[in-house]
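Taking it in order: structure first as structure tokens, then the write-up.
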There are 2 protein chains.
Amino acid sequence: MAVSMHDVARAAGVSVRTVSNVVNNFAYVRPETRRRVLEAMEELGYVPNAAARSLRRSRTGLIALVVPDFRARIFADLAGPVVREAEALGHRVLIEVTDSDRERELQVLMGGRNQLTDGAIMMALSLRPEDGRRRRPGYPLVLMGDHVLEGDIHHVAIPNREASLAVVRHLVSTGRRRLMLLGHGPHGSETASMRLRGFLDGLAEAGLPADEALMVAADWSRARGRQAIEEHIDSGRPLPDAIFAMNDSLAFGALRALREHGVLVPQEVALVGFDDVEEARYSTPSLTSVSPDLEAMAAHAVAMLHEQIIGKPSGREPHITVDFHLRVRESSQ
Amino acid sequence: MAVSMHDVARAAGVSVRTVSNVVNNFAYVRPETRRRVLEAMEELGYVPNAAARSLRRSRTGLIALVVPDFRARIFADLAGPVVREAEALGHRVLIEVTDSDRERELQVLMGGRNQLTDGAIMMALSLRPEDGRRRRPGYPLVLMGDHVLEGDIHHVAIPNREASLAVVRHLVSTGRRRLMLLGHGPHGSETASMRLRGFLDGLAEAGLPADEALMVAADWSRARGRQAIEEHIDSGRPLPDAIFAMNDSLAFGALRALREHGVLVPQEVALVGFDDVEEARYSTPSLTSVSPDLEAMAAHAVAMLHEQIIGKPSGREPHITVDFHLRVRESSQ
DNA sequence: CTGAAAGCGCTAACAA
DNA sequence: TTGTTAGCGCTTTCAG
């Protein structure tokens, strides 16, 4: 067995109570006593036992960050800030990947297989609104992204509609008239439909027609972006003068296809993406893209979760949409 | 308080022992009894308490994956497989970020602040060989990457030297003679020096001189890659006919600088990176790059750690170097 | 096959 | 300011 508090107490000639006080930085320990205890800890190589503490406090100090995919850039950019914020509030973060599997997402909603985490922040992709009712009562939970579930679940959203509208306005302001929307359809998420909505609103606002032939279905990957544009060109249909890709991957795929067919970007076709991945600044041409304030998302989500965990009511609004910036670069000028 | 085994036992009219047997899928429970217990669990919404179990078993079921940075692609590509492999062996993964901070890395080496994890897989960047002696004895640990520490610490390595040698051979075989090495220096890691070594070995093998002026220092980022090439061009020094960038980011930065100065890749300068990030297949031109077998790394690391945790001796070699492939693409043909 | 009961290491109420 | 002590919920030894 490992060294326990009792061993330390004995070595330091005090009671476990005092050792506990020292370990937890409580007041009311005489400096001299504290020193002796610290010394004994050092000497014996004492390390507190997380399990025992959790059991006693009925809190593990762990929160879950549940994401669909490790490789998605949104994950990479969100995880850092989430971990940082969480640590600042005294939590550690257990990262869990669902692969967008509905069963796994439901699992989280219902509080997990075992009581390992004090709460969860989840980017759910496969849940349905009515799943909200299956939430385990009392398990602190914050949703990120667009998934709004039934029941009053805390939620931090990306400004999909607003940002898409801003993209259309930008393109129209530079004289583009035949806008293609790339990525509509198969993905089928809330996210996609909100971006579609902003796109349509933008067209309406500019008095432009919504041309079905220019709303192209595609999974959100480079390969599919490339393929979609390739097929469009091969079919002989006229090109749009601007493409709004629902994410940057699609945009890069499209860019590759355009280049292979000798289409000039932005002279003949303007191109805009969504997410503002690092690569956007370095591609040829550099890519105009929507940059959501992910740091703010992380901060809000953690703060909301923390309040639920410590049971503070907080007058905070349970639904927040963060800010965004449209980074205009070479591909749309 | 949450529902405990006692509650379930009472509801099912059995003893806690039996409930435990059911929960842990032990034998010797009559089907009828099992059914009753399962029913009671369902009805009461029983969820096992991880803390109590850990305390009793003196194992948390958690292993730590310790990485320098969330956004590094190597992390993204390693984390998925590690989590998968770990779950297959019954562990869950707690991800920890060190920001390459030596203190934090040492912390891990010494077993962590509290006994939260049963062991750790670490990509250490800032540790020094002699730090190996500070390892907490008995804490299962596997290192990933190049950092070899003193003491007999299990270790899975990337084939830096071998792969760099292969890159040089490839470039030489396509007629290149003045090779630049980009990324040498500041990064200062084992990784960098092994890649340098392979580069030099390759030159020697081909009977080419090692030209100091063509070994350019740069942090491993796009920005620095771009800047380094820019400065080289501005200085009026003659260009090399091939550039081997120590990672893909550097290569993309270099590519951008070359393009801005009208240098044709690969006609005038061939370009090769290291890591084979997804982007390499989609850049213009697509990038030749070294692709280490990260899945294998993950699998080996988890297997090694698992054996340490369960205390199986295993005849396994404690130092493994995984395989790699050189993906030859447009940038070097 | 099932029951009773002893702790795992820690926190915190209560006492001194 | 410090000591004593009762559990937190679970696994597991020992008995039936």
At A:PRO129, with labels set 7 Å past Cα in the Cβ direction, how many nm apart are the copies from this one, shortest first? 6.5
So, how do all the Cα-to-Cα distances of the protein assembly as shown break down into 10 Å bins, in percent, from 0 on up? 3, 13, 21, 23, 20, 12, 6, 2, 0
Above 14 Å lies some portion of the pair distances; for region B:84-165, what is it as a whole percent of all C-alpha pairs? 65 percent
How big is region A:37-85 by Rg and Dmax over its Cα atoms, in Å? 17.2, 47
Express the carbon and sulfur contribution to the solvent-accessible surface of region A:96-169 as a percent, rounded to the nearest whole number, probe 1.4 angstrom. 46 percent
Can you give me the Cα centroid spacing of region B:193-272 and region A:1-77 in angstrom? 50 Å
Quotient of Cα radius of gyration and Kirkwood radius for region B:166-247, i.e. Rg/Rh, equals 0.95
With the alpha-carbon atoms as the only input, what is the per residue convex hull volume for region A:282-333 in Å³? 71 Å³
Relative to the longest principal axis of the C-alpha atoms of chain A, give the angle of the C-alpha long axis of helix A:190-206, reported between 0 and 90° and rounded to the nearest 10°. 40 degrees
Which percent of the Cα-Cα distances in chain B go past 38 Å? 33 percent
Can you work out D for region A:94-227 in µm² s⁻¹ from Stokes-Einstein, where Rh is the Kirkwood radius over C-alpha pairs, the temperature is 37 °C and the viscosity is 0.692 mPa s? 196 µm²/s
So, how do all the Cα-to-Cα distances of region A:242-299 break down into 10 Å bins, in percent, from 0 on up? 25, 52, 17, 6, 1
Full extension between B:GLU43 and B:ARG177 adds, at 0.36 nm per residue less the Cα distance, a length in nm of 40.7 nm
How many Å² of accessible surface get buried when B and A come together, counting both sides, probe radius 1.4 Å, rounded to the nearest 100? 4300 Å²
Send over a whole-number figure in Å² for the accessible area per residue of the protein assembly as shown, probe 1.4 Å. 44 Å²
Output, in nm with one decimal and in ascending order, the distances from the B:PRO209 label point to the matching label points of the other copies (7 Å from Cα along Cα-to-Cβ). 6.9
Note on chain A: contact order normalised by length, alpha-carbon pairs under 8 Å, 6 or more apart, percent, works out to 15 percent
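The values are calculated or read from the model by the stated rules, or taken from the named source; none is laboratory data. All values derive from a computational prediction rather than experimental measurement. Glycine also receives a Cβ, built like all others from the backbone with ideal geometry; neighbour counts cover every protein chain displayed. Accessible surface areas use protein heavy atoms only, side chains included; no ligands, DNA or RNA. Shrake-Rupley method; radii C 1.70, N 1.55, O 1.52, S 1.80 Å.
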